[in-house]
Structures are given as structure tokens and as C-alpha cells.
Amino acid sequence: DLDYLYREGRILVRDIDLPRVRAVVGGEVVDSLINGVTALVPDRDAPSALDEIDRVLGVGVAAPDHVLYVTPAGCCPATEPHTVVHRTPDPDVRRDSPGDGADTLISVVDTGYITKLDNAGHPWLAGVTGDEESFKATDIGPYVGHGTFVAGVLRCMAPRAEVRVEGFLTHGGAIYESEIIRQLNDAIESVPDIISISAGCTTRHNLVPLAFEAFWEHRLKHCKGTVLVAAAGNDGSRRQFFPASCEWAVSVGALDRHGRRAPFSNYGSWVDVYALGVDVVNAYPNGRFRYREPEKVGQVAKFINEMANWSGTSFSTPLVAGMIAARMSHTGQNGRQAADSILRIARSHARPGVGAVAEPGMACDQDPGCSAR
């Protein structure tokens with residue numbers, strides 16, 4: 001029943017609208033975020049200020065500083081991690097595929113990277129870089145290892161892709177819209193081919209988050225071949241989840257092991273493609289994990305082989321991002337072109353009651369759009 005989460009005491013305003021917004025609700029500028037959007041502390045609480053701006057200036061002129069999570073309302077992945085007895089990732093590394101992701105750069109917006117797993121018998125992670133994620137082996141936190149797990153799934157689809165894991169989601173897997181947008185703005189300076197993001201949120205009035213709209217208009221739109229791939233979220237809801245629901249993003253829902261839409265996956269006409277997101281196996285740190293969610297509240301698991309089984313749209317997203325990278329190296333397409341091809345191929349494999357479906361191996365399939373020309 002959660003509508004949306006927001007930061008108390010401030011709102012986001014387009015630079016061009018700042019003078020007329022301040023004429024309505026007063027306030028002081030606290031942050032100039034990126035080109036096109038500013039953070040303002042109004043003279044009243046944020047909800048009251050936004051209601052007044054809506055009434056006087058129109059809906060959408062100003063917006064909350066939304067809170068984005070690794071996943072939405074539940075504030076946790078679809079499941080918590082579980083131990084496994086083997087050290088083989090699933091889906092496995094596509095070593096023999098003609099599309100291996102060579103010469104592609106992928107930026108993973110997540111919790112950071114646990115470097116020591118590179119040397120723990122996980123060759124598919126070799127060469128991955130990122131902001132170091134720290135943790136206590138005596139009590140692994142709820143989101144710890146998430147970014148490393150995501151990078152592992154990516155590398156299984158595109159073993160030679162250059163992957164950097166940005167450590168943005170360091171506060172319990174959550175971040176303010178105003179913070180993530182500024183760091184995304186910095187990350188895009190390296191002009192990655194693909195940005196993979198597992199965080200998102202529902203929004204006030206179901207509108208595109210204002211900062212993401214400005215990011216697209218002023219930055220991402222002008223990075224000609226860069227594509228953003230985003231998780232559809234784990235609320236089991238039709239409601240739009242952003243930035244996945246943005247028309248310029250590739251939104252990824254989750255499938256179970258039988259090819260059905262996972263019960264937790266968000267869905268609807270705004271979800272572009274579905275991929276495996278249930279019982280995914282990949283790299284995870286050793287240590288003790290205390291479960292916080294039903295049905296295992298209070299139980300403790302001991303991870304001993306640096307692998308875990310985990311579920312969520314967080315993990316179907318890098319599978320698709322990796323397929324895009326693999327297709328880039330196979331065809332010479334840029335990120336957006338390769339994403340378009342993957343989506344066309346996925347639509348040609350659409351399933352009733354689900355929609356377009358992406359599976360490992362499709363990256364090198366014939367694009368129906370190309371064969372028609």
C-alpha cells in the first residue's frame with residue numbers, strides 16, 4: 001500500500017521554473033544538482049508545498065526528492081540470499097559464445113564491489129573493478145554483496161566486458177534521487193555503453209522522477225549509443241516503477257525457472273522484457289547472515305563457499321544487460337542498437353501471460369528486424 005517514499009524538507013524543481021516556484025512557496029536553494037534541476041527547501045513541509053505548487057502552477061512543475069531502493073516498498077530483494085553447495089554460477093558462463101562482450105564498458109549502479117572474490121575461484125569476475133564494499137563476516141548486512149552478485153551475472157553473459165561497479169547504494173540499499181542523479185552524472189563521464197541499475201521507486205502521481213527526466217534530457221540523450229537497463233521491481237504490481245518505466249530505459253521483469261512471470265515481479269505494458277530472476281546463483285561473500293524476512297526471521301545462515309542463491313528483478317536486469325554487451329561484440333552495434341535487437345528477438349519469443357522473453361544465448365540470434373530489410 002506504499003505510495004512513494006521521499007526526503008523530508010526539500011523538493012526538486014527545474015531550473016527554469018525555480019523563480020515562479022519560489023514565488024509560490026518561498027524557500028532556499030540548497031543544492032544545484034545537475035544541469036536542469038535544483039533542490040529547494042520550501043517554507044513549509046514538502047507535501048504541502050507540492051500541493052500548493054500543483055494548484056497554482058500545475059502538476060509536475062516540482063516533485064519530491066524520491067527515495068530509490070535496490071528494490072521498492074519491501075526495501076529488500078525479492079528473497080534474501082541462500083547458501084548453495086556448488087561453486088558454479090547459474091546461468092553459467094557463456095565461454096563459447098561468439099558474442100563475449102569484448103570492448104564494451106558497463107557501469108553497474110549498485111552497492112559497490114568486493115574485490116577479494118576475484119581470487120576465490122571465481123574466474124568470471126577477473127578484472128571487474130569498482131568502489132570497494134566493506135562488510136563484517138560476523139554479520140553480513142541485507143544488501144551486502146548485491147553489486148558483486150550483479151557483476152557476476154553480467155560477466156556470465158559477457159565474459160570479456162569491462163565492468164565497473166559504482167558504490168552508490170551504500171545506506172541500507174537506498175539513496176535519494178538527488179544523490180543518485182548527481183553520481184550518475186559523474187559516472188557517464190566515462191561514456192559507458194550500458195548502465196545497469198537495480199534501484200528504483202514508485203513516484204508521486206506516477207510521474208517520471210524529475211531528476212531522471214533532466215538527466216535524460218541534458219546528459220544521457222546526448223550519449224549517442226549508451227543504453228540504461230533497469231529493474232522493474234519486486235512488488236508484484238502493475239504500477240510503474242522508475243527509472244525502469246521511463247520510455248528511454250529498458251525495463252526488465254523476472255521469470256521463474258519454468259519460464260513463467262515470477263510472482264514478485266512487477267509487470268504491465270511498461271515492462272519491455274522478462275528474464276530469469278529466480279534462484280540465480282553467483283558470487284557472494286563468506287560469513288554469517290541473519291534473516292530478517294518471513295519465513296526465516298532470526299535464523300542464521302553460514303556462507304562458506306563464496307556463492308549464493310538469490311532472486312529478484314535485480315538479477316534478471318544484469319542478465320539482459322550482459323546479453324546486450326554480448327550482442328555489441330558480436331555485431332558491432334552500439335548499446336542502443338544492440339538493445340533494440342535484443343528486444344526484437346525477445347518479442348519474437350513472447351509467451352502468453354508473460355510478454356517478451358530474453359534467454360541466455362539469444363544475443364547472437366538473428367534479429368527479425370534485420371532479416372526483414
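Where a number appears in this text, it was derived from the coordinates with a stated rule and is not lab data. On a predicted model such as this, the values are computed, not experimentally measured, just so you know. Cβ placement follows ideal geometry from the backbone for every residue including glycine, while neighbour counts extend to all protein chains displayed.
Below 27 Å Cα-Cα, how many Lys pairs turn up in the chain? Only count pairs eight or more apart in sequence, or on different chains, if you could.
Details: 116/136; 116/302; 136/296; 136/302.
Taking the Cα cut-off of 27 Å, the pair count is 4.
Mind jotting down the three principal axis lengths of region 1-94 based on Cα atoms? Whole angstrom, largest first.
62, 31, 21
Could you tell me the largest-minus-smallest coordinate of the C-alpha atoms of region 238-313 on each of the three principal axes, in descending order and whole angstroms?
Principal-axis extents of the Cα atoms in region 238-313, largest first: 41, 25, 22 Å.
What does the net charge come to around residue 320 if you take all other residues with beta carbon closer than 11 Å to its beta carbon, with K and R at +1 and D and E at -1? Intermediate results must be reported in sequence, preceding the final value.
Details: positive: 327; negative: 272, 359.
Around residue 320, the surrounding residues sum to -1.
I'd like the orientation of helix 335-348 relative to the chain: the angle between its Cα long axis and the longest Cα principal axis, in ° from 0 to 90, rounded to 10.
70
Helix 146-157 versus the longest principal axis of the chain: what is the Cα-based angle in degrees, 0 to 90, to the nearest 10?
Rounded to the nearest ten degrees, it is 50.
Using 7 Å Cα-to-Cβ label points, what is the residue 79/residue 56 separation (nm, one decimal)?
Placing both labels 7 Å along Cα→Cβ, they lie 5.2 nm apart.
Return the whole-Å distance between the Cα centroid of region 217-243 and the Cα centroid of region 5-24.
When both Cα centres are located, 23 Å separates them.
How long are the semi-axes of the equivalent ellipsoid of region 122-238, taking √(5λ) for every eigenvalue λ of the Cα gyration tensor, in whole Å from largest down?
After scaling each eigenvalue by five and taking roots: 24, 20, 14 Å.
For helix 177-187, what angle does its Cα long axis make with the longest principal axis of the chain, in degrees from 0 to 90 and rounded to 10?
60
Which residue, 358, 332, 343, has the largest displacement toward the positive end of the dipole of region 319-373 when charges sit on each Cβ (Lys, Arg +1; Asp, Glu -1)?
343
Compute the distance in nm between two label points, each set 7 Å from the Cα along the Cα-to-Cβ direction, one at residue 103 and one at residue 258.
4.4
Under a Cβ-only charge scheme (Lys and Arg +1, Asp and Glu -1), can you give me the dipole magnitude of region 307-373 about the Cα centre, in debye to the nearest 20?
So the dipole magnitude of region 307-373 works out to roughly 140 debye.
Taking 0.36 nm per intervening residue step and subtracting the Cα-Cα distance, what contour gain separates residue 288 from residue 304 on full extension?
That pair, residue 288 and residue 304, stretches by 4.9 nm at full extension.
Mean shadow of the chain, computed from the convex hull of its alpha carbons, in nm²?
Numbers: hull surface 74.0 nm².
Mean orientational projected area (the chain, Cα hull): 18.5 nm².
Based on the Cβ-Cβ distance of residue 186 and residue 366, what FRET efficiency does E = 1/(1 + (r/R0)^6) give at R0 = 45 Å, to the nearest 0.05?
0.75
Over 10 Å intervals from 0, what percent of Cα-Cα pairs in region 231-373 sits in each interval?
Over region 231-373, the share of Cα pairs per 10 Å bin runs 12, 37, 31, 15, 4, 1 percent.
Restricting things to Cα coordinates, could you compute the convex hull volume per residue of region 92-131 in Å³?
Spread over its residues, the Cα hull of region 92-131 gives 94 Å³ apiece.
Over region 100-179, what per residue volume does the convex hull of the Cα atoms give, in whole Å³? Before the final figure, lay out the partial values.
Working: hull volume 7.0 nm³, N = 80.
Per residue, the Cα convex hull of region 100-179 comes to 87 Å³.
Charges at C-beta only: +1 for Lys and Arg, -1 for Asp and Glu. How large is the resulting dipole of region 100-221 about its Cα centre, in Debye rounded to 20?
200
Give me the log10 of I(q) over I(0) for region 320-373 at q = 0.13, 0.17, 0.23 Å⁻¹, as the Debye formula computes it from C-alpha points; what are the numbers?
Log10 of I(q)/I(0), two decimals: -0.27, -0.45, -0.80.
Net charge near residue 9: determine it from the other residues with C-beta under 13 Å of the C-beta of residue 9, scoring Lys and Arg +1 and Asp and Glu -1.
Surrounding charge for residue 9 is -3.
Would you mind working out the magnitude of the charge dipole of the chain relative to its Cα centre, with +1 at each Lys and Arg C-beta and -1 at each Asp and Glu C-beta, to the nearest 20 Debye?
That gives a dipole near 780 debye.
Label-point separation (nm) for residue 3 and residue 41, each offset 7 Å from Cα along Cα-to-Cβ?
Label-label distance for residue 3 and residue 41, simple model: 2.5 nm.
How much length is gained on full extension from residue 334 to residue 134, taking 0.36 nm per residue of separation minus their Cα-Cα distance?
68.6 nm
Multiply the residue separation of residue 205 and residue 248 by 0.36 nm, subtract the distance between their alpha-carbon atoms, and state the gained length in nm to one decimal.
13.5 nm
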